[in-house]
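Below is one structure, written out as structure tokens, with a few remarks after it.
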Amino acid sequence: MSLENELKELIIKDLKLVDITPEEIKDDDFLFGDEGIGLDSLDAVELVVLLQKHYQVETKDLEESREVFTSVKTLADYVRSKTGAA
Amino acid sequence: MQAGITGLGCICAAGDSLDEIMPALYSANRNPAPSKRVEAGLENLPPVFEIASDLNHINPGNDETRTTLLLLSAVNEALSQSGLEADYLKKKRVGVVIGTTVGSTLNNEPFYRAYRAGKFPDMQPIKRYLTNNPALYIANRYQWDGPAVTIANACSSGTDAVGMAKSWLRGGLCDIVIAGGSDELCRTTYLGFNSLLNTSPEPCRPFDKFRKGLNLGEGAGILIIEKERSAQERGAKILAFVAGYASSGDAYHPTGPHPEGAGLSRAINIALQEANARPEQISFINAHGTSTVDNDKVEGKVIEQIFSDKVPFVSTKAYTGHTLGAAGGIEAVLSVRALLDGQIPATAGFKDFDEECKVAPTTNNTPIKGNMAMSNSLAFGGNNSVLILKAGQ
Amino acid sequence: MKASILGIGTVTPLGCGIETLLSGLEGTAQPNIVEHTVETAKGGIALPVYTSAAEGLDRFIPRNKLRRIDRFLQMALLSSFHAIEDSGLNLEDRTRIGIVFGTGYGPLQTSFDFLDTLIDDGDKCASPTLFANSVHNSLVSNVSIALKLQGPCLTLTSFEMTSSSVFSTASAWLEEGKVDYVLTGVGDEYCEVRGYSTILSGSENVSAIKPSAFNDCTYLPGEGFVSFLMGKEKGRKAYGSISSIETGSGNPVKPDHSALFLAANGDRSTGCHYDNLQKGKDLTRLYSPLYGGMPAGQGFDVAIAALSLKDGRLYPSPEVSGAEQKQAEPQIREILHSDSIACLQYDDNGNFGLITLSGKD
């Protein structure tokens, strides 16, 4: 499974999203705000835990990492850059 | 009916009593550091404002929680200042209202780890939890039979406790109230706030442009509040009055404040009304000022809207850290002392003006005019509570 | 003091909504009691648990808004929606509606779920969402957000003294004019650790709560949440109003009530204080076998008292059924709407909270 798809499944599971399947999330969809899947600030910190728990990737400052949390694609790129995962 | 404050007690990282704490504040003395008691598996341990002592001297030979010991320390100091003797108190109806977070939560980690591991731990930690509900503990210990209530309203609990004391006296529920808050540092809140990414890796900088979050703290702040007339009858000095209290919800988000501070504005205006005061009559504000990005931005904006830049304000969390359920109690106590001292301390850590906050806190010990202080508390879940304290004659 | 009860919502082991509580009182419905096995050093021990579930919450709130809402929060939410619906009121200025909730133990399960995250995955993986929901006031904050209530918000927690302080605060707010209405609620939830501590406190081989056997340990844990919309005007449902609240220790000063509801629940450490009570000429009722043992139990009695005043009838204590049924007060008994009912709860130190309801205007 691609890292992108894996992340989509983890996001749905760990953030307890309902009424949405991994297939419905596009790699470029905005994660936050009304124009995307509509995550909020509490989801953002839960995403930080998700990255730590599943990829041992640490995020210390949300402001500095704002771009990383744009979409599944940016998240996946970030994980790849930190872990060298494919 | 006026609610007169006749005694104050406080313990926090800045000192074990007010006579230690105030000089530390006025000399901008602080020393947040990684905890010596609370261990955490984090690489960079966010500093905290911790009380070094194990507090065992407060009630030797017993099995109280740290929250209870902190509370006892502040209650003893406040009672001693008020001049209230045990015999006198037995004849009066004494109420107790205490804010806390850790003190009301069954989160004993060693017990739970043992339970999870199938080791069938004994009940002592649960019994300790059941006998250490802060307000009930104090009421039972001194055998006072007025109302006893523990408030678990997150970070506004201590402020709400003082507000409730005023309401009890007004409604005739009791003659004297022991009010305030108490909270200990523990792994649950330490790791919890860390997970919310709002703890600062460095000493906090309330309202500073480059602030990085809060430092947790621990402590207790207690006020003895009685009906003005009964305080006068026993010849007690009234230090200050609880002139106004209001609380108002944002109904916005479980952890973030309303971006325009709607609830805080409403609470400040209602509290001013209750105190019969205009904004320009407020001598100073002890801000919630946690040093998180969101809190200070919203609070600064509201302060600017209501008070423009005419009223000096300080965040004493720069010296105590964020003591959660105790914060409102501690800050009310420090506000009364500052009113009596005629000055407020500098907000340690603040250097660079943040345009988003719109206003700047004190940078030096600042003399104050007038006789009214305001103390703000903004809680998790969007509750905003505001106290107005007026110096006694 | 006069704070009218305008609407009631209940999530109890009898079901959701005030009519399910009525069915329980009339004996046409039985509480949902689920048998758990509690592992102890002596092996697995059976423990019947009074279990509640917030069913039908999606009628009030979309499913995607519930994703972070735990079981206990769901109970608080549903009972709150029901209380407002039951009042039939169209609440306009929501800055003038306050909310005061109480809980004996708080969101226990979520507190332990939070600890699970750091025990399982390490301190860096502590869940911020679970932390936010583990604080006692998460009930109030989530309910105030869902219902857009922007008045004062308060959460109180003093074990058995919780309900009396909640109603006392709500009444004070109304009297002081701080609010036009106040949403009041109390509850507790069950979790495994509570089961474990129940067994270790002596509830082995208990099959039913016998609340009037004050010196026996027959405690079984219960859970649920009851909410009340309160205001100053007379409610159209005629639930009556809170006419007085007393707290203290020892024997409460008793006016002539028509009935006295005891929140005794088979817990021996509190039971002895009911046993010492000088009973007056009032009719005594004990309803904990309908909702189970919990520190917030008195709030459930307040709901039953309001229902009794509305209907002008006292329901029998459900303690023992069938062949064992006591002959003393087995039947529904008529009372006057203008009568008063006192609800009494003790803690283990002998402190009491006495909440009196009256149908008098």
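Any read-out appearing in this document is the output of simple, stated calculations on the displayed coordinates, not a laboratory observation. Remember, it's a predicted structure, so these values are computed and weren't measured experimentally. Cβ: placed from backbone, ideal geometry, glycine included. Neighbour counts: every protein chain shown.
Computed values, structure above
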item	result
Two-decimal Rg to Rh for the stretch B:123-263 - Kirkwood Rh, Cα set	1.02
Shape call, the stretch A:3-83: gyration tensor on alpha carbons, a/c limit 1.5	rounded
Span-rule helices in chain C, defined as complete DSSP H runs reaching 18 Å or more along the axis (Cα) with Kyte mean at least 0.5	C:298-311
Highest-fluctuation residue, A:27, A:40, A:19 considered, GNM on chain A with Cα pairs under 10 Å	A:19
Footprinting exposure proxy for B:97, A:18, A:68 (fewest neighbouring C-beta atoms within 10 Å first)	A:18, A:68, B:97
Derived scalar couplings ³J(HN,Hα) [the stretch B:193-200; Karplus, 6.51 cos²θ - 1.76 cosθ + 1.60; whole Hz; x for Gly, Pro]	5, 4, 5, 7, 6, 10, 9, 8
Whole-Hz ³J(HN,Hα) from phi, Karplus 6.51 cos²θ - 1.76 cosθ + 1.60, for the stretch B:16-24, glycine and proline x	8, 8, 4, 5, 8, 6, 4, x, 4
Estimated 222 nm signal from helices in chain C, with DSSP H stretches of n ≥ 4 weighted -39500 (n - 2.57), rounded to 500	-9000 deg cm²/dmol
Nonlocal amide H pairs with residue B:149, under 5 Å, H built at 1.01 Å	B:96, B:97, B:98
Distance-filtered residues of the stretch C:27-65 - backbone nitrogen under 15 Å, label point 7 angstrom along residue A:19 Cα→Cβ	C:57-65
CD proxy at 222 nm, helix term only [per DSSP H run n ≥ 4: -39500 (n - 2.57); per residue of chain B; nearest 500]	-10000 deg cm²/dmol
Formal net charge of residues neighbouring residue B:205 (Cβ-Cβ distance under 13 Å; K, R +1; D, E -1)	+1
Cβ-defined net charge surrounding residue B:99, 10 Å radius [Lys, Arg +1; Asp, Glu -1]	-2
Radius ratio Rg over Rh of the stretch C:72-197, counting only Cα atoms, Kirkwood formula for Rh	1.03
3J(HN,Hα) from dihedral phi, the stretch B:81-88, Karplus parametrisation 6.51/-1.76/1.60, rounded to Hz, x for glycine, proline	5, 5, x, 7, 9, 4, 5, 5
Residue of B:332, B:86, B:360 that the Gaussian network model of chain B assigns the largest fluctuation, springs spanning Cα pairs under 10 Å	B:86
Alpha-carbon centroid distance for the pair the stretch B:352-393 / the stretch C:24-46, whole angstrom	52
Largest to smallest principal axis extent of the C-alpha atoms in chain C, angstrom	61, 56, 37
Most fluctuating residue given options B:335, B:375, B:27, as computed from a GNM of chain B linking Cα atoms under 10 Å	B:27
Zero-based 20 Å bins, Cα pair distances in chain B, whole percents	31, 59, 10, 0
Segment residue A:81-residue A:66, length gained on full extension (0.36 nm per residue, minus Cα span)	3.8 nm
Nearby lysines by direct alpha-carbon distance to residue B:166 (threshold 26 angstrom, same-chain neighbours under 8 apart not counted)	B:90, B:91, B:92, B:227, B:237, B:317, B:369, B:390, C:2, C:178, C:232
Counted charge near residue B:379, where neighbours are those whose Cβ lies closer than 10 Å (Asp, Glu -1; Lys, Arg +1)	-2
Ranking of C:149, B:106 by count of other Cβ atoms within 10 Å, fewest first	B:106, C:149
Rounded FRET efficiency, nearest 0.05, which uses the C-beta distance separating residue B:309 from residue B:31 and R0 of 35 Å	0.70
Exposure proxy order (Cβ contacts within 10 Å, fewest to most) of B:119, B:91	B:91, B:119
Using a Förster distance of 22 Å, the FRET efficiency for residue C:26-residue C:337 (Cβ separation, nearest 0.05)	0.75
Long-range HN-HN contacts of residue C:39 with modeled amide H, under 5 Å	C:45
Residue B:351/residue C:63 FRET efficiency (R0 45 Å; Cβ-Cβ; nearest 0.05)	0.40
For the protein assembly as shown, average projected area of the Cα convex hull in nm²	33.6
Per-residue mean of C-beta atoms belonging to partner chains within 10 Å, peptide A:36-46	5
